[in-house]
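The values are calculated or read from the model by the stated rules, or taken from the named source; none is laboratory data. All figures in this text were calculated on a predicted structure; none of them were measured in a lab. Neighbour counts are summed over all protein chains in view; Cβ atoms, including those assigned to glycine, are modelled from backbone coordinates with ideal geometry.
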């Protein structure tokens, strides 16, 4: 499966904001964005005028990078959101939030979405008592996500659960740190996505 393998801190610098792609490191002074908060490359520090097209492109790229999705899959999510009732941009964010790797990250079982994706692919989690190894699996209301207890992973997840207090668990999810279980209390709403995102720009980008 294709995935991004280059330096992740460059993505934050390119989008001009912290995307929290490297877990706890993003909260420390080691964060590359804190030390160099301008776009990468020899011309990154120069100020350039941004066109309307570039503004919408950057918003689309930012959301793609936050959730760790490549272009082809992101287009499929947009097409599905466009077919659903309601606002396309909000539908898109709800679909992305319902991804299993995102839910595991949101519950605090992983420091980052990329780490959560790796846990899922290696079969460390089950949904409703069934092992699921597909990061894009879409959860539903009342689903129960549970860690399959294995010693090598437990210590990593213990540290992640301890660190989740920094960002908190959204109220559409419920997490039990004692049993390593999480429950989908309700479907995510727009206000649950706290990262500054202008989803209407993404709709306009794909509508041209």
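The numbered conditions (1) free of Cβ contacts under 8 Å to residues at least 60 places away in the same chain; (2) under 23 Å from residue 78 (Cα atoms); (3) over 15 Å from the mean Cα position of the chain (by Cα); (4) not in a loop (DSSP other than H, G, I, E, B) are all true for residue 174 except (2). Restricting attention to the range 99-120 and to residues that are in contact (Cβ under 8 Å) with a residue 40 or more places away in the chain and more than 20 Å from residue 142 (Cα to Cα), the residue that is nearest to the chain's Cα centre (by Cα) turns out to be 113.
Any residue at all in the range 122-135 that is part of a loop (DSSP other than H, G, I, E, B), modelled with pLDDT of 90 or more and closer than 22 Å to residue 81 by Cα? Checked against the condition, which is being part of a loop (DSSP other than H, G, I, E, B), modelled with pLDDT of 90 or more and closer than 22 Å to residue 81 by Cα, the range 122-135 yields at least one hit. Using the structure shown, decide if residue 103 is part of a helix (DSSP H, G or I) and either modelled with pLDDT under 95 or within 18 Å of residue 187 (Cα to Cα) (or both). It is true that residue 103 is part of a helix (DSSP H, G or I) and either modelled with pLDDT under 95 or within 18 Å of residue 187 (Cα to Cα) (or both). I'm trying to understand the selection: among the residues of the range 178-202, which are closer than 12 Å to residue 93 by Cβ and buried (at least 20 other Cβ atoms within 10 Å of the Cβ)? 188, 199, 202 - these are the residues of the range 178-202 that are closer than 12 Å to residue 93 by Cβ and buried (at least 20 other Cβ atoms within 10 Å of the Cβ). Restricting to the range 51-60, and then to whatever is out of contact with any helix residue (DSSP H, G or I) (no Cβ under 7 Å at 6 or more places or on another chain) and surrounded by 11 or more Cβ atoms within 10 Å (Cβ to Cβ), can you tell me which residue is modelled with the lowest pLDDT? Out of the qualifying residues, it is 54. Out of (1) in a loop (DSSP other than H, G, I, E, B); (2) farther than 20 Å from residue 69 by Cα, what's the single condition that is false for residue 160? Only one criterion in (1) in a loop (DSSP other than H, G, I, E, B); (2) farther than 20 Å from residue 69 by Cα is unmet by residue 160, namely (1). Looking at this structure, is residue 96 at pLDDT 95 or above, within 14 Å of the chain's Cα centre (by Cα) and under 20 Å from residue 182 (Cα atoms)? It is true that residue 96 is at pLDDT 95 or above, within 14 Å of the chain's Cα centre (by Cα) and under 20 Å from residue 182 (Cα atoms).
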